[in-house]
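Structure record follows, encoded as structure tokens.
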Amino acid sequence: MIQLRTRLRSFARREDGTQMIEFAIVLPVLILLFAGVTELGRLFYTYNTLAKATRSAARYLSTVQDVTANTAAAKNIVICGSAAGCGGQNQPAAIAPNLSASNVIVTPPPTGTIPVKYVSVEITGYTYQPLIFNLSAMTGGNFNINLKPSTTMRYMPD
């Protein structure tokens, strides 16, 4: 009887496997944290890519003589980084999924004798689509993240 009591006491005081239990409790939280940080990084990467695309198109338009004639080329620069277009053989693909020419708005400089003119390029209506935490697909709600980068540059044709 005494031997059984001492064995029960020693069994109750053992700490084998406690780290595994703690790890099992913390692991789901760590996975969610990692997935959230990854998704946030993708969001910032996508926004930065779109902002650089508008900057490139505005830089291109700020140096051409006729902005309205080069609007299609500027939209191609925003969409795929090339004035020639994208999607064909030996041409780059679109820089972001679901980005189209209808999302790109080019505002040409005003005509007249205004001393300082500006050209503006912006992306509107672009919805970021998350991979991991797509709450819209999971719940049927509207949890979309709309990105709207824009760039305005001084118009200085050669």
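Taking 0.36 nm per residue of sequence separation and subtracting the Cα-Cα distance, how much length would be gained by fully extending the chain between residue 73 and residue 114, in nm to one decimal?
Details: separation 41, 0.36 × 41 = 14.76 nm, distance 2.55 nm.
The residue 73-residue 114 span can extend by a further 12.2 nm.
Given a 10 angstrom Cα cut-off, can you work out which residue in 116, 78, 106 is the most mobile in a GNM of the chain?
In this elastic network of the chain, the residue with the biggest mean-square fluctuation among 116, 78, 106 is 116.
Could you sort the peptides 127-140, 55-68, 14-27 by per-residue average Cβ neighbour count (10 Å cutoff), highest mean leading?
So the order, starting with the most tightly packed, is 55-68, 127-140, 14-27.
So how far, in whole Å, is the C-alpha centre of segment 85-121 from the one of segment 37-53?
Cα centroid of segment 85-121 versus Cα centroid of segment 37-53: 19 Å apart.
Could you work out the relative contact order of the chain, using alpha carbon pairs under 8 angstrom and six or more residues apart, expressed as a whole percent?
23 percent
In segment 23-39, which residues have a backbone nitrogen under 14 Å from the label point lying 7 Å from residue 132's Cα in the Cα-to-Cβ direction?
Backbone N within reach: 27-39.
Taking the chain as a Gaussian network, where each spring joins two C-alpha atoms under 10 Å apart, which residue of 88, 36, 125 fluctuates the most?
88
If the viscosity is 1.567 mPa s and the temperature 4 °C, what Stokes-Einstein diffusion coefficient in µm²/s follows for the chain when Rh is the Kirkwood radius over Cα pairs?
Reported coefficient: 65 µm²/s.
Taking amide hydrogens as modeled 1.01 Å from N in the peptide plane, which residues meet the under 5 Å criterion relative to residue 118, leaving out close sequence neighbours?
Placed amide hydrogens put 155 under 5 Å from residue 118.
Just subtract the alpha-carbon distance of residue 84 and residue 2 from 0.36 nm times their residue separation and send over the number in nm, one decimal.
Values: separation 82, 0.36 × 82 = 29.52 nm, distance 8.96 nm.
In short, 20.6 nm is gained.
Charges only on Cβ, +1 for Lys and Arg, -1 for Asp and Glu: so what's the dipole of segment 19-154 about the Cα centre, in debye to the nearest 20?
Its charge dipole is roughly 460 debye.
For residue 16 and residue 42, FRET efficiency with R0 = 41 Å and r from the beta-carbon atoms, rounded to 0.05?
0.50
Answer rounded, prolate or oblate for segment 42-100, using the Cα gyration tensor with square roots of eigenvalues a ≥ b ≥ c: rounded when a/c is under 1.5, else prolate when a/b is larger than b/c, else oblate. Could the numbers behind the result be given before it?
On the way: a/c = 2.58, a/b = 1.33, b/c = 1.94.
It is oblate, given that a/c is not under 1.5 and a/b is not larger than b/c.
Residue 51: net charge of surrounding residues, Cβ under 14 Å, Lys/Arg +1, Asp/Glu -1, itself excluded?
+3
How much net charge surrounds residue 153 when only the other residues with a Cβ under 9 Å from the Cβ of residue 153 are counted, with Lys and Arg +1 and Asp and Glu -1? Present the calculation step by step, with values, prior to reporting the outcome.
Values: positive: 55, 59, 154; negative: none.
So the environment of residue 153 carries a net charge of +3.
Against the longest alpha carbon principal axis of the chain, how many degrees, from 0 to 90 and to the nearest 10, is the axis of helix 18-61 turned?
0 degrees
Just so you know, all these numbers are worked out from the coordinates, no wet-lab data involved. Keep in mind that what you see is a predicted model, and the values were worked out from it rather than measured. All Cβ positions, glycine included, derive from the backbone under ideal geometry; neighbour counts span all protein chains shown.
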